[in-house]
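Every read-out reported here was derived from the displayed coordinates using simple, explicitly stated rules and does not represent laboratory data. None of these values were measured; they are calculated from a predicted model. Reconstructed Cβ throughout: ideal geometry from the backbone, glycine too, with neighbour counts over all protein chains shown.
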Amino acid sequence: MKNIAIFASGNGSNFQAIVDAIEGGKLHANLKLLVCDKPGAFVIERAKKADVPVYSFNPKQFASKTAFEEAIYEQLKKCDVDYIVLAGYMRLIGAFLLEKYPGRIINIHPSLLPAFPGKDAIAQAVSAGVKVTGVTIHFVDEGMDTGPIIAQRAVEIADGETEEEVAEKIHAIEHVFYPETLENLLNEKCWKVLES
Ligand code: GRF
């Protein structure tokens with residue numbers, strides 16, 4: 001089984017969905033570590049409750065992104081992490097970690113990329129008036145939500161639906177779709193699709 005670390009900055013509902021999928025036998029992976037760049041984030045409470053070790057840090061206490069990524073890497077090495085799973089980690093991964101984990105950093109984004117990258121993707125979709133948005137799971141590269149796409153799910157936006165309503169639908173899909181896609185990816189059930 002592959003060892004994973006989740007990187008998150010906030011609420012951590014996707015972190016929780018992955019924990020639950022592992023506990024429920026739907027995702028075969030060892031969740032070794034939560035990495036969190038916001039020491040007060042609720043995801044840390046979730047990790048403690050689930051007995052997942054936490055490495056939290058304040059980026060401002062480091063001289064540079066490379067410096068804090070080096071510190072993260074020390075922790076990842078200790079746990080023998082194979083894959084980094086981003087779940088609401090609100091910063092770009094830098095060159096240091098990209099080089100250490102080539103093709104082994106995965107992100108989930110609440111839109112059908114390449115539409116609406118970056119922050120507030122759900123609000124962007126609602127204010128653009130699109131009728132379909134969705135969720136994208138992709139490999140991470142140096143850009144903002146630009147890496148190769150692994151899988152996508154569409155979500156319809158009905159007339160008059162608010163950002164909150166659309167967010168609720170998107171999160172419900174994410175919580176099933178992320179563990180499912182990770183199971184396929186980590187347990188090599190979709191390499192053929194990726195290679196073709
Ligand atoms: C999710 O919508 C995810 O797609 C995006 O950040 C959000 C994180 O939510 N990258 P949560 O912290 O998992 O609840």
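Things to note:
- Dipole orientation for the chain: of the candidates Leu92, Asn58, Ala151, Asn58 has the Cα lying most toward the positive pole (charges on Cβ; Lys, Arg +1; Asp, Glu -1).
- Rg/Rh ratio calculated on Cα atoms of the range 1-71 (Kirkwood radius): 1.01
- Placing pseudo-labels 7 Å out from each Cα toward the beta carbon at Asp120 and Asp51 gives an inter-label distance of 4.2 nm.
- Computed Rg/Rh of the chain, alpha carbon atoms with Kirkwood Rh: 0.95
- Leu33 long-range amide H proximity, modeled H, under 5 Å: Ile6
- The C-alpha atoms of the chain define a longest principal axis, and helix 65-78 lies at about 70 degrees to it.
- Full extension of the chain between Glu161 and Lys2 gives 53.3 nm of extra length, using 0.36 nm per residue less the Cα-Cα distance.
- DSSP assigns beta bridges within the chain; of those with both partners inside it, close to 40 percent run antiparallel.
- Contact order for the range 84-196, expressed relative to its length and based on alpha carbon pairs under 8 Å spaced 6+ residues apart, stands at 22 percent.
- The chain: relative contact order as a whole-number percent, Cα under 8 Å and 6+ apart: 21 percent
- Placing +1 on the Cβ of every Lys and Arg and -1 on the Cβ of every Asp and Glu, with nothing else charged, gives the range 2-195 a dipole about its Cα centre of roughly 540 debye.
- Contact order relative to length of the range 110-167, as percent, for alpha carbon pairs under 8 angstrom and 6 or more apart: 36 percent
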